[in-house]
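See below for the structure under consideration.
The values are calculated or read from the model by the stated rules, or taken from the named source; none is laboratory data. Here the structure is a predicted model, which is why all the values come from computation and not from measurement. A quick note on method: Cβ atoms are made from the backbone with ideal geometry, for glycine too, and the neighbour counts reach across all protein chains shown. Quick note on the areas: whole protein, heavy atoms, side chains included, nothing else; ligands and nucleic acids left out. Shrake-Rupley method; radii C 1.70, N 1.55, O 1.52, S 1.80 Å.
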Amino acid sequence: MDEKEVGILACSGEECLGGTISRLATRRVIELLRPNRAVTLCLPLYIAGGEEERAFARDYPVIAVEGCGKHCSTRATEKFSGKVHDTVEVAEILGEGVALAKTVSTRDFTAEHQDMVKIVAREICARLDAIV
């Protein structure tokens, strides 16, 4: 595959820590760990009718990164574009108690929170590497 032929669609939920971790882990992958290997898709734009986001997801593999059990990224992809190629679930990696914990502002993130982001980012990288 050529560069940037995989989309990563992260949770946009704000009500639990899992959403924040999923977004930060996705940014870490895109910017630091696998630059130029994938693009991030915007879930709110995707749901609101962003045809560019939806078209990309129809034409290229998508990894959904779910912050909680609602699976909004997967559901949106399947509704508007087709099946996701793979799913990373924060609750499966870090435990449901962590994923559903109260949201913590990123300015209040501790070293432990940063470690959680790194763990989820590594899993996203593994899934991405399996595709490309």
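Which numbered condition in (1) out of contact with any Phe, Trp or Tyr (no Cβ under 9 Å at 6 or more places or on another chain); (2) free of Cβ contacts under 8 Å to residues at least 24 places away in the same chain; (3) farther than 24 Å from I131 by Cβ is the only one that E78 fails?
Every condition holds for E78 apart from (3).
Of all residues in the stretch 10-40, count the ones that are part of a helix (DSSP H, G or I) and either in contact with a Pro (Cβ under 8 Å, 6 or more places away or on another chain) or open to solvent by 50 Å² or more (accessible area, probe 1.4 Å) (or both).
Matching residues across the stretch 10-40 total 7.
Out of all the residues in the stretch 41-54, which are over 10 Å from the mean Cα position of the chain (by Cα) and either in a helix (DSSP H, G or I) or crowded, with 16+ Cβ neighbours inside 10 Å (or both)?
Within the stretch 41-54, P44, L45, Y46, I47, A48, G50, E51, E52, E53, R54 meet the criteria.
Filter the stretch 72-99 down to residues that are surrounded by 17 or more Cβ atoms within 10 Å (Cβ to Cβ) and more than 16 Å from the chain's Cα centre (by Cα) and give me whichever is nearest to P44 (Cα to Cα).
F80
Any idea which of (1) open to solvent by less than 60 Å² (accessible area, probe 1.4 Å); (2) part of a helix (DSSP H, G or I); (3) under 16 Å from I8 (Cβ atoms) is the one A64 doesn't satisfy?
The failed condition is (2).
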